[in-house]
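Here is the structure we will look at.
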Amino acid sequence: MKLSASFHCLAWKLLNPLYNEKTMNFHDEYQQSIEQPEVFWRKQAEQIKWYEFPETILSQDEHGFYRWFAGGKLNTAYLALDVHIEEGRGDQLALVYDSPAANMQQKFTYAELRDTVAKFAGCLRNLGVEKGDRVIIYMPMVAEAVIAMLACARLGAVHSVVFGGFAPNELAVRIDDAKPKVLVTASCGIEFTKIIEYKPLVDKALEVSKFPPENIVVLQRPQAKATMQSGRDHDWNELMSQASPADPVSLDATDPLYILYTSGTTGLPKGVVRDNGGHAVALKYSMKAVYNTDPGDVYWAGSDVGWVVGHSYIVYAPLLHGCTTIVYEGKPVRTPDAGAFWRMIAEHKINTFFTAPTAFRAVKKEDPEAKLLKQYDISSLRTLFLAGERLDPPTYDWLTEILKEAPQPGIPVVDHWWQTETGWAICSNPMGIEPQPVKNGSPTFPMPGYNVQVLDEVGEICKPGETGNIVIHLPLPPSCLPTLWNDDERFKQSYLSQYPGYYLTGDEGIKDEDGYIFVMGRTDDVINVAGHRLSTGEMEELIAGHPAVAECAVTGIDDELRGQVPVGFVVLKDGIDISQDQMQEELIAIIRREIGAVAYFRQSGIVKRLPKTRSGKILRKTIRRLAIETEVLVPPTIDDPKILDEIREVMQERGIGRYATS
């Protein structure tokens, strides 16, 4: 495998006119970023247009937290829009909104998007929004969600996007933490053919909130009309008709751009803070270094603006880099079919596509032979990136195999790994610097700026191939969170206290003898079977390789004798007919053969679906709780709560966990 990967890498270098052996040496660039971070990031900071270039590249604040580009003045919305118009590219497409759900499309040039954003910034200004004020954005995947985010950035207001469709209580928790002056929403979202009214959810959240905003802006969509409360609620279009455009406000590099809430172990969400300066510099850098995109390219991140991928790679990075970005209101399947992704790539001539592995597992389940791919011309596609969860080798193998049939065979499939906290890739194959040989199951190397190590429980660096906690030596590179919103102490306790001098990622993995990082999963996904620490991620890889399996999850459940034992849950590919007992027998054989009897894998269940968040992550903790607890709280991020009853029924039928007969 190494030989073929190296050959592919060499072929890319020889055929790609952008590769230059003298100037594009990844290892040299990486070493400079670690050994001379201020020199390296000064050079990257020179690639954006500052109002005032930063006096200091790297410093520490009064709490001892690292800060980038102190003293610099800029505006992120200006960099994302106005700069390109000033450079003569105002007529280039900036944003394409494509909604198979609503059966409509919209297109905005850079000039049109800038003017619309400036106008909505004027709307917010008329409602009293100023620099430093917070604005909650609770919207579906429509162009107006992006416009609202950029309008906040233009004013220096701090936006906090809450995933559309979150339950009222979860929205209220975020309102009370951010204390917004305005909340922007829409009358509804669309899930496949189902209309989900947002306004009743907002109204309920405001009823229980301790700090409800003074003003609500509502985008009325034709699919549902929201009931408005006089004096508090404002119609988007009416506000726009009365507003004058707002100019961008000069901000300090260390001023916050946004707050994005992520799950916390206490049950209360953590408000990840993103600053303006480091964010703009790092994201601009990443578009070439990681994704090998150029201004004018069409870039699509198949995610949602409610998640970090949407913030970084639907909204900010593509526009900072002068690309055309895509806002897609649809699904990988059933909008209308499993060819949705291929249709998008062909129609919009997308050059770079980025989505989560779970999306392609859904496609694989409905169209395992990728017959629908043959209906579309995807010759524009240069690279496919995957992140958001671990890219399991069976999905990687399937994608590389089907893309051999594309007009341009050999489209790279690139796994990369990052977090809400970092805002861009921790590890990736650096496609725009110097592509590296692929190792299946690895997101390749740490990107420049990230000094990634693997430590054991006492803080010693693990030997190559030895599993440990993945950490990043401080300082973190630009764009990474400088702290949590109004909670410096929690920031220290959550990320910096376990290993002084390091940021704790919360993921476990290995670094091999060549420096490749393998991320095996969250530390709470590691189970202890009779004193042996085993990775459920490794077991999932093996089970996913079974020809009948479309998707799977392995979790550890309590066992009186061994502490924990693994149990597997599998979703079958369409058209497969196999009994529960036969599947279990075959999976036991696979795990015993590949890992050994020490894994003590003895049970599995075939399920219709796996419980996931709306962003596609499998809720393994919830599966584990179903096996051991009578009352299980429904996670607020779950895609469909009914799945829990389906899983519970299979556990009862199979005698799993607390349903086992003594």
From the list Leu391, Leu403, Leu373, Leu399, pick out the single residue that is closer than 22 Å to Ala338 by Cβ and buried (at least 23 other Cβ atoms within 10 Å of the Cβ). Leu391
Only one of (1) of a type in the set (S, T, N, Q); (2) at pLDDT 95 or above; (3) not in a loop (DSSP other than H, G, I, E, B) fails for Ser479. Which number is that? (3)
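Here's the yes/no breakdown for (1) under 25 Å from the mean Cα position of the chain (by Cα); (2) within 26 Å of Pro368 (Cβ to Cβ); (3) crowded, with 21+ Cβ neighbours inside 10 Å:
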{"residue": "Glu560", "(1), (2), (3)": "no, no, no"}
{"residue": "Val570", "(1), (2), (3)": "yes, yes, yes"}
{"residue": "Asp574", "(1), (2), (3)": "no, yes, no"}
{"residue": "Ile590", "(1), (2), (3)": "no, yes, no"}
{"residue": "Ala599", "(1), (2), (3)": "no, no, yes"}
{"residue": "Leu610", "(1), (2), (3)": "yes, yes, yes"}
{"residue": "Ile643", "(1), (2), (3)": "yes, yes, no"}
Taking the conditions exactly as written (within 24 Å of the chain's Cα centre (by Cα), part of a helix (DSSP H, G or I), under 19 Å from Ile216 (Cα atoms) and touching a residue at least 60 places away in the same chain (Cβ under 8 Å)), does Ala80 satisfy them or not? no
Tell me, which residue of segment 219-228 that is surrounded by 13 or more Cβ atoms within 10 Å (Cβ to Cβ) and more than 18 Å from Gly306 (Cβ to Cβ) is farthest from the chain's Cα centre (by Cα)? Met228
Kindly check whether there is at least one residue in segment 176-193 that is more than 26 Å from the chain's Cα centre (by Cα), assigned to a helix (DSSP H, G or I) and at pLDDT 95 or above. no
Out of the residues in segment 447-466 that are touching a Phe, Trp or Tyr at 6+ places or on another chain (Cβ under 8 Å) and without any contact (Cβ under 8 Å) to a residue 60 or more places away in the chain, which is surrounded by the fewest Cβ atoms within 10 Å (Cβ to Cβ)? Gly459
In segment 188-214, which residues are more than 11 Å from Gly164 (Cα to Cα), hydroxyl-bearing (Ser, Thr, Tyr) and buried (at least 17 other Cβ atoms within 10 Å of the Cβ)? Ser209
Based on what the data block shows, is Tyr66 of a type in the set (Ser, Thr, Tyr) and out of contact with any helix residue (DSSP H, G or I) (no Cβ under 9 Å at 6 or more places or on another chain)? yes
Give me a count of the residues in segment 264-308 that are over 27 Å from Asp61 (Cβ atoms), part of a loop (DSSP other than H, G, I, E, B) and either open to solvent by 10 Å² or more (accessible area, probe 1.4 Å) or of a type in the set (Phe, Trp, Tyr) (or both). 11
Based on this model, can you work out whether Asp115 counts as part of a loop (DSSP other than H, G, I, E, B), out of contact with any Leu (no Cβ under 6 Å at 6 or more places or on another chain), open to solvent by 40 Å² or more (accessible area, probe 1.4 Å) and modelled with pLDDT of 95 or more? no
I'm trying to understand the selection: among the residues of segment 83-111, which are within 28 Å of the chain's Cα centre (by Cα) and closer than 25 Å to Tyr51 by Cα? Val83, His84, Gln92, Ala94, Thr109, Tyr110
Between a first residue in segment 528-544 that is at pLDDT 80 or above and open to solvent by 20 Å² or more (accessible area, probe 1.4 Å) and a second residue that is assigned to a helix (DSSP H, G or I) and small (Gly, Ala, Ser), which pairs have beta carbons less than 8 Å apart while being 6 or more apart in sequence or on different chains? none
Which numbered condition Arg625 fails, given (1) open to solvent by 70 Å² or more (accessible area, probe 1.4 Å); (2) closer than 30 Å to Glu369 by Cα; (3) in a helix (DSSP H, G or I): (2)
Just need a number here: residues in segment 474-502 that are in contact with a strand residue (DSSP E or B) (Cβ under 9 Å, 6 or more places away or on another chain), closer than 24 Å to Val526 by Cβ and either acidic (Asp, Glu) or free of Cβ contacts under 8 Å to residues at least 60 places away in the same chain (or both). 6
Would you pick out the residues in segment 244-263 that are part of a strand (DSSP E or B) and surrounded by fewer than 16 Cβ atoms within 10 Å (Cβ to Cβ)? Thr262
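The values are calculated or read from the model by the stated rules, or taken from the named source; none is laboratory data. Since we're looking at a predicted model, the values are computed, not measured. A quick note on method: Cβ atoms are made from the backbone with ideal geometry, for glycine too, and the neighbour counts reach across all protein chains shown. Quick note on the areas: whole protein, heavy atoms, side chains included, nothing else; ligands and nucleic acids left out. Shrake-Rupley method; radii C 1.70, N 1.55, O 1.52, S 1.80 Å.
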